[in-house]
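Trainee: Structure in structure tokens, see below.
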Amino acid sequence: NTISDNANGTDSLSRFFRARPRLSLFHYQCSRQSTSKEIAAVFDQATKRQDRVDPLKHLCAVFMDEAGLPEEEKESLKVLHYLLEGHMSAKANVGFVAISNHVLDAAKSNRCIMLLRQEPDDDEMENIATGVLLDIRDDGRAATNDVNLDGEIVTAKSFVAGLCAGYSALLQQSSFNTWFGLRDFIFFLKALRTNSRTESARIHTSWKAVIYAI
């Protein structure tokens with residue numbers, strides 16, 4: 001979501017994204033009942049859109065969530081073989097990204113670049129939280145210096161570190177470590193940001209906003 005929110009071509013707030021084409025994502029949420037027709041239809045929408053725009057200024061991509069859910073017996077994802085490889089002129093000239101909690105079979109993995117995401121360490125967690133919660137300038141530094149938490153002023157760095165430590169401590173409890181993941185933490189940060197305000201390089205928030213985000 002962060003990329004799709006910022007990749008707006010010349011309209012992007014970030015200098016990095018302004019120098020690159022606008023990106024349009026076509027989402028498909030996989031389920032156990034997914035069918036090859038549904039998946040092909042999303043690719044067809046993305047391809048038709050790509051055909052109508054200048055590829056130097058505007059790119060389209062299919063984003064597939066939970067790609068490991070469809071039942072193998074239905075072969076719902078087999079259509080990807082043709083769409084990604086170009087067999088029988090079926091290749092879709094659009095980008096493709098799929099996320100999955102399980103490694104896909106060799107037939108699909110061999111047609112893509114596969115990245116395995118390890119559990120983030122403390123530094124990565126704080127970088128993620130800083131990027132989501134704080135304004136980031138073009139030079140990569142945070143534009144927010146400190147946080148007003150119900151009248152108590154703390155540095156932005158210590159506030160972010162505290163949130164990350166709390167999340168990590170939660171996962172250490174056996175009753176929660178299979179319930180929550182990094183995506184939940186990111187959405188928590190987004191909710192907290194939405195219910196806070198930034199003024200003069202300072203975030204003004206409250207414990208009520210933190211609890212609401214949780």
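The values are calculated or read from the model by the stated rules, or taken from the named source; none is laboratory data. For clarity, every value in this text was computed on a predicted model and none was experimentally measured. Neighbour counts run over all protein chains shown; Cβ positions are idealised from the backbone, glycine included. All accessible areas refer to the heavy atoms of the entire protein, side chains included, with ligands and DNA or RNA removed. Shrake-Rupley method; radii C 1.70, N 1.55, O 1.52, S 1.80 Å.
Trainee: Can you go through 200, 196 and tell me which one is farther than 28 Å from residue 66 by Cα and at pLDDT below 90? It would help to see each step written out before you state the result.
Mentor: On the way: 196 fails: at pLDDT below 90.
Of the residues listed, the single one that is farther than 28 Å from residue 66 by Cα and at pLDDT below 90 is 200.
Trainee: If I go through the stretch 182-198 residue by residue, how many of them are open to solvent by 100 Å² or more (accessible area, probe 1.4 Å) and under 17 Å from residue 145 (Cα atoms)?
Mentor: Taking the stretch 182-198 and keeping what is open to solvent by 100 Å² or more (accessible area, probe 1.4 Å), we get 183, 187, 194, 197.
In the following step, the residues that additionally are under 17 Å from residue 145 (Cα atoms) were identified as 197.
Result for the stretch 182-198: 1.
Trainee: What number of residues in the stretch 191-206 are in contact (Cβ under 8 Å) with a residue 24 or more places away in the chain and under 16 Å from residue 160 (Cβ atoms)?
Mentor: Within the stretch 191-206, the subset in contact (Cβ under 8 Å) with a residue 24 or more places away in the chain is 192-193, 198, 201-206.
If we keep only those that are under 16 Å from residue 160 (Cβ atoms) too, we end up with 192-193, 198, 201-205.
Qualifying residue count, the stretch 191-206: 8.
Trainee: Of all residues in the stretch 137-181, which are of a type in the set (Ser, Thr, Tyr) and either open to solvent by 80 Å² or more (accessible area, probe 1.4 Å) or modelled with pLDDT of 90 or more (or both)? Don't jump to the end; show me each part of the working.
Mentor: Restricting attention to the stretch 137-181, the residues satisfying the condition of being of a type in the set (Ser, Thr, Tyr) are 144, 155, 158, 167-168, 174-175, 178.
Once the filter is applied, which keeps residues that are of a type in the set (Ser, Thr, Tyr) and either open to solvent by 80 Å² or more (accessible area, probe 1.4 Å) or modelled with pLDDT of 90 or more (or both), the stretch 137-181 yields 155, 158, 174, 178.
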